[in-house]
Amino acid sequence: MHARLRQFVNAMTALADTGADEARIIREGGALLRALVSQDGWLPAECAQPDPQYYRQYLLYLDPAKRFSVLSFVWGPGQSTPVHNHTVWGLIGMLRGAELNQAFHQGVEGRLERSGPPQRLEPGMVTAVSPMLGDIHQVENAYDDRVSIGIHVYGADIGAVERAVFTADGEMKPFRSGYANA
Ligand code: FE
C-alpha cells in the first residue's frame, strides 16, 4: 500500500477507535479524505481501470472490524450510477476528473424528487451522504470524453451491504454492489 493511503487508513482507524459519532466522522474523516485526494499519484494502476460499459468500484481497504471501507470509483466517459442509497455514512472525495452528484428525496407518495441542482465535485473536494444528511443520490462522470476517479469511504463493508436502487416512481429494488476486485 502506498504511504499516502496507509497514512489515511491509519488516521481513519484511530478515529474509529475513539468511538466517534457520525457527525465527527463526517467532519474529521472528511478532512482526512480531503488531504488524501488533494494529491494524485498514489492510487494503484489496477484500481484505476475503467470498464467499457459500467462504472467500477475497487476495494482499496477494509477495516478488519468492518467499521469502514475505502474504495476507488472509476467512471468511464459518460458513465453513471442508478439512483441509490447507502444506509450508512459515506464520504466522497474527488481525485481525478469531475463527477456530478445529484441528491434526491422521497416526496409525495414516495416519488423521488431532486433536492436542488447537481453538485459538481472537482479534484480535492469532498462531500458526504448518510441517512441523516440525505442518503439517496445519483452520481455521474461530468465528462463524456475522459475517465474520472473518486475515492469513497463508507461506514461498513459497503460492497456487502443490503441497500436499494430506486425507479423514478420511488420503487425500491434490492441492491448489493460488491467489488470489481474482491
Ligand atoms: Fe453513492
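What follows is calculated from the coordinates using simple rules that are stated; it is not laboratory data. In this text the structure is predicted, and so the values were computed from the model without any measurement. Cβ: placed from backbone, ideal geometry, glycine included. Neighbour counts: every protein chain shown.
Below 14 angstrom from the Cβ of residue 134, what's the summed charge of the other residues (Lys, Arg +1; Asp, Glu -1)?
Every neighbour counted, the sum reads -2.
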| note | Relative contact order in percent for the range 40-114 (Cα pairs under 8 Å, 6+ apart) equals 22
| C-alpha center-to-center spacing [the range 93-118, the range 44-86] in angstrom | 18
| query | Percent relative contact order of the chain, based on C-alpha pairs within less than 8 angstrom and at least six residues apart? | reply | 26
| field | Rounded if a/c under 1.5, otherwise prolate or oblate - the range 8-81, Cα gyration tensor axes | value | prolate
| said: Please list, by residue number, every one of the trypsin sites (Lys or Arg not before Pro) in the range 33-94 that is coil in DSSP and has at most 11 other beta-carbon atoms within 10 Å. | reply: none
| note | Any GluC sites (Glu not before Pro) in the range 73-179 that lie in a DSSP loop and have at most 13 other Cβ atoms within 10 Å would be 162, 171
| message | Within 13 Å, Cβ to Cβ, of residue 33, how many net charges do the neighbouring residues add up to if Lys/Arg are +1 and Asp/Glu are -1? | response | +2
| message | What does the net charge come to around residue 173 if you take all other residues with beta carbon closer than 15 Å to its beta carbon, with K and R at +1 and D and E at -1? | response | -1
